[in-house]
Amino acid sequence: MVATRADTPIAGAPPGGAAARRGGEAVRTCGGTKPGPQDGPHNGIYAAIDLGTNNCRMLVARPSAEGFRVIDSFSRITRLGEGLAGSGKLSRLAMDRTIDALGLCAEKMRRRGVTAARTVATEACRRAANGRAFVQEVRDRTGLRLETITPAEEARLALGGCAPLLDPDIPYALVFDIGGGSTELLWVELDPAGELAVQGLASLPLGVVTVAEECGGGDLCQRTYDAVKDRIVHLLRPFDLQHALADRVRHGDVQMLGTSGTVTTLGGVHLGLKRYDRSLVDGITIDFNDIVEVSRRLSTMTLRERAQHPCVGRERADLVLSGCAILEGLCELWPVGRLRVADRGLREGMLLDLMRVDAMEVA
């Protein structure tokens, strides 16, 4: 999947000023300098790195009137969590692949003169017995101060990054992120003024990598595919009852927004793109019937055929069906009818946090 392209403007800001102040550690570079009051924070250059179970992704950006403008990016599938479900540890090969990718990110940051950055790790480092040792090794070998964040912080940042895509006229939202090692889901209330209030959070230890490994590979038969869907529904049923989500869905008061490689891949396939294009996918709405149709189409392909599809590719070919099964489970439990696709999330949320904090410090 192609990363956000350079010189792409991103609008919006994270919900609630307090949320930005609660964010994790912002690492200052270039001698620890901060934008001075004479020139404001808009001369700063900011970087955000999201190290997931499957991907290592980075954005470098400058503030702009619209929010920020991406000036550099990086995306590589490193499969940090490969084999983690069985061994409980990050493998040597996976760690080396990932540290190589992080080293390239660090070099890009130096070349761009980044003044503030945040580097976070998610489920793989949370779960691995050697996660802390890996974090220290990353610092020793790349200089990056990797921060293992909680599921709640991961969900907050993802919401901050994709909040501008929410419809203010629909009072509630289900916002989810299907990752490599876990799936985070937020139940959000929108008030008439456009403020967001998180009413509930669910974090499931199921992502595209963990499901694929548990099921013995990426080619899920129909029985296994349905079993994954049923498991998602079963695990989220208490969350549904706790917040009376089904009633809200029946009354048409709920929108659904997804941010992950799964939903953007489905978006590209749905649009029939000859090459993945973020500008065409980010913000589109897909009917649930079309989600099922695209998922079925992908499931009838061989692994090789999926690898050759321009919106799937070799590195996602064995994972996309796991993501489709998780997504269909969400759609089955909460038949909202339509899904908004976000090709933005964690990194964008981190960038907006960093810029907001600098703006408050200068003010």
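The values are calculated or read from the model by the stated rules, or taken from the named source; none is laboratory data. Predicted, not measured: the structure shown is a model, and the values here were computed from it. Don't worry about glycine lacking a Cβ; one is built from the backbone with ideal geometry, like all the others, and counts go over all protein chains shown. Side chains included, ligands, DNA and RNA excluded: accessible areas come from the protein's heavy atoms. Shrake-Rupley method; radii C 1.70, N 1.55, O 1.52, S 1.80 Å.
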Could you sort 258-264, 101-107 so that the peptide with the highest average Cβ count within 10 Å comes first and the rest follow in order?
258-264, 101-107
Within the accessible area of region 152-220, what % is carbon and sulfur when the probe is 1.4 Å and the other protein chains stay in place?
52
Tell me the carbon and sulfur percent of the accessible area for region 253-363, rounded to whole percent, probe radius 1.4 Å.
48
For the chain, calculated [θ]222 nm from helices alone, where every DSSP H run of n ≥ 4 adds -39500 (n - 2.57):
-13000 deg cm²/dmol
Go through 52-62, 332-342, 205-215 and give me the packing order, highest mean Cβ count within 10 Å leading.
52-62, 205-215, 332-342
Give me the accessible area of TYR276, 1.4 Å probe, in Å² rounded to the nearest 10.
10
To the nearest 20 debye, what charge dipole does region 124-216 have about its Cα centre, counting +1 at the Cβ of each Lys and Arg and -1 at the Cβ of each Asp and Glu?
580
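Can you tell me how region 116-235 classifies by the Cα gyration tensor, rounded, prolate or oblate, using a/c under 1.5 as the rounded cut?
Since a/c reaches 1.5 but b/c is at least a/b, the shape of region 116-235 is classed as oblate.
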Setting aside same-chain residues fewer than 8 positions from LYS108, which aspartates and glutamates have a Cα under 14 Å from its Cα?
ASP72, ASP100
Unit charges on C-beta of K, R, D, E only; dipole of the chain, Debye:
1160
Working with all protein chains in place, sort PHE288, PHE176 by solvent-accessible area computed with a 1.4 Å probe, largest first.
PHE288, PHE176
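What is the percent carbon and sulfur in the accessible area of region 77-140, measuring with a 1.4 Å probe over the protein chains and ignoring ligands?
Answer for region 77-140 is 50 percent, counting heavy atoms of protein chains only.
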Per residue, how much accessible surface does the chain expose to a 1.4 Å probe? Answer in Å², no decimals.
42
